[in-house]
Amino acid sequence: MRVLIVEDDALLGDALQIGLRERGVAAEWLRDGRSADEALRTEEFAALILDIGLPRMDGLQLVRRMRARGDRTPVLLLTARDAINDRVLGLDAGADDYVVKPVALAELAARLRALLRRSLGQASPVLSVGFLSLDPAAHRVTFRGKAVELSVREFAVLHELMANAGRVLTREQLEVRLYEWDRALESNAIEVHIHHLRRKITPEIIHTVRGVGYLMPQIPADSAHG
């Protein structure tokens, strides 16, 4: 999951970025609304963590602009304004949820997971494809009931493929969704992660669609066999 943090407080923005990256989230950080607006027009993000009181364009104006042009990126408002009217204004502007500062990182991460589930139409917090199960909150993967140890990046790649089961994702799509702007990326990084996942789980778990990308077959958990 790749998210954009828009926060002008240097200490808070840095803490959020570091904390989310430690949890396997590809987190970008910008400090003003206009820069965020430009980034959202050209980049893909799973969610937006947005302060209301921002320089150059406030958070509510940014949300209204996003929704007016059809941008459905889930928005989590992060604000020190805790009056009911402020919350109502934020939600009516197009935000999906809000958190009042100061916020515990664990709660913020949980709210992000909930936003992602809703945006993908997932009722359960645990993803299941056949005998494979992934719990984002516990950062746990099991296959045929046995735990599978994965690195942070392997977990992120698997999560993205399972969340999009039945759809082909290109290498470029995976790179954009999983890696930060400032991270040096080896040209074969995604291929290496896919290789490790096949070795640790089963070779058939991820299909290569030649010349296109990678596919996680959509197999209901209750119809798996073998």
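Quick notes on this one:
- Size of the stretch 1-68 as Cα extents on the principal axes (Å, biggest first): 33, 24, 14
- In terms of surrounding Cβ atoms within a 10 Å radius of their Cβ, Thr142, Thr208 rank from fewest to most as Thr208, Thr142.
- Sorted peptide list for 30-40, 194-204, criterion being average Cβ within 10 angstrom, highest first: 30-40, 194-204
- Residues Thr170, Thr42, Thr73 arranged by fewest to most Cβ contacts within 10 Å: Thr42, Thr170, Thr73
- Translational diffusion of the stretch 127-223 was estimated from the Stokes-Einstein equation, with Rh taken as the Kirkwood radius over Cα pairs; at 4 °C and 1.567 mPa s the coefficient is 95 µm²/s.
- With a cut-off of 15 Å between beta carbons, the residues surrounding Val209 carry a summed charge of +1, where Lys and Arg count +1 and Asp and Glu -1.
- Each label point was placed 7 Å from the Cα along the Cα-to-Cβ direction; for Ser151 and Arg198 their separation is 1.7 nm.
- Distant-in-sequence amide H partners of Tyr98 (H built 1.01 Å from N, under 5 Å): Leu77
- In order through the stretch 211-216: 3J(HN,Hα) via Karplus (6.51 cos²θ - 1.76 cosθ + 1.60), integer Hz, x for Gly, Pro: x, 10, x, 10, 10, 9
- When the convex hull of its Cα atoms is viewed from all sides, the stretch 2-120 shows a mean projected area of 6.5 nm².
- The ranking of Trp181, Trp29 from fewest to most other beta carbons within 10 Å of each one's beta carbon is Trp181, Trp29.
- Prolate/oblate/rounded label for the chain (Cα gyration tensor, a/c 1.5): prolate
- Since only Ala165, Gly70, Ala26 are under comparison, the one whose Cα sits farthest along the positive direction of the charge dipole of the chain, derived from C-beta charges on Lys, Arg, Asp and Glu, is Ala165.
- Spin-label model, Asp135 to Ala68: label points 7 Å out along the Cα-to-beta-carbon direction sit 4.5 nm apart.
- Once C-alpha pairs closer than 8 Å and six or more residues apart are averaged by separation and normalised to the residue number of the stretch 127-223, the relative contact order reads 36 percent.
- Between the stretch 128-167 and the stretch 94-123, the C-alpha centres lie 20 angstrom from each other.
Rule-based calculations on the coordinates, nothing more; no lab input. Quantities reported herein were computed from a predicted structural model and do not represent experimental measurements. Every residue, glycine as well, gets a Cβ built from its backbone with ideal geometry; the counts of neighbours run over all protein chains shown.
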